[in-house]
Amino acid sequence: MPVYKPKKRRTLQWVAMGLRGLCSLYGLWPLLLIAGLIFSPVGPYLLTDYTYERRGSYRHMLDCDYLGLRGRLQRPAHGGTCPYVVITGHDKG
């Protein structure tokens with residue numbers, strides 16, 4: 001009597017193969033992160049310069065200049081402050 005050998009892949013076998021494939025990408029996560037930052041339309045921008053006016057002993061910031069992967073970005077300050085890091089798209093106008 002011959003031994004039964006299934007020909008079809010079962011659902012859990014497909015799930016296991018998919019999970020093994022995802023785990024094989026674990027070692028490549030730094031490269032995937034860099035590729036995501038380069039091809040993403042948005043990205044992190046760091047504060048490089050700002051203009052302000054004195055209001056008593058307080059600096060009220062007017063404009064903020066940022067530097068990121070896509071170049072320089074100038075934004076008006078919201079509420080008189082400039083965050084050190086913003087994640088935004090580059091304005092073309």
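Can you pull out the residues in region 19-75 that are in a helix (DSSP H, G or I), open to solvent by 70 Å² or more (accessible area, probe 1.4 Å), of a type in the set (A, V, I, L, M, F, W, C) and at pLDDT below 90?
Of everything in region 19-75, those that are in a helix (DSSP H, G or I), open to solvent by 70 Å² or more (accessible area, probe 1.4 Å), of a type in the set (A, V, I, L, M, F, W, C) and at pLDDT below 90 turn out to be 22, 23, 28, 29, 32, 33, 34, 37, 38, 39.
Restricted to region 1-44, and to residues that are within 13 Å of the chain's Cα centre (by Cα) and among the β-branched types (Val, Ile, Thr), which residue is farthest from residue 71 (Cα to Cα)?
Ranking the qualifying residues of region 1-44, first place goes to 34.
If you scan region 76-85, which residues turn out to be open to solvent by less than 30 Å² (accessible area, probe 1.4 Å) and either outside any loop (DSSP other than H, G, I, E, B) or at pLDDT 90 or above (or both)?
82
The values are calculated or read from the model by the stated rules, or taken from the named source; none is laboratory data. The structure presented is a predicted model; accordingly, all values stated were derived computationally and were not measured. Note: areas computed on protein heavy atoms with side chains; ligands, DNA, RNA excluded. Shrake-Rupley method; radii C 1.70, N 1.55, O 1.52, S 1.80 Å.
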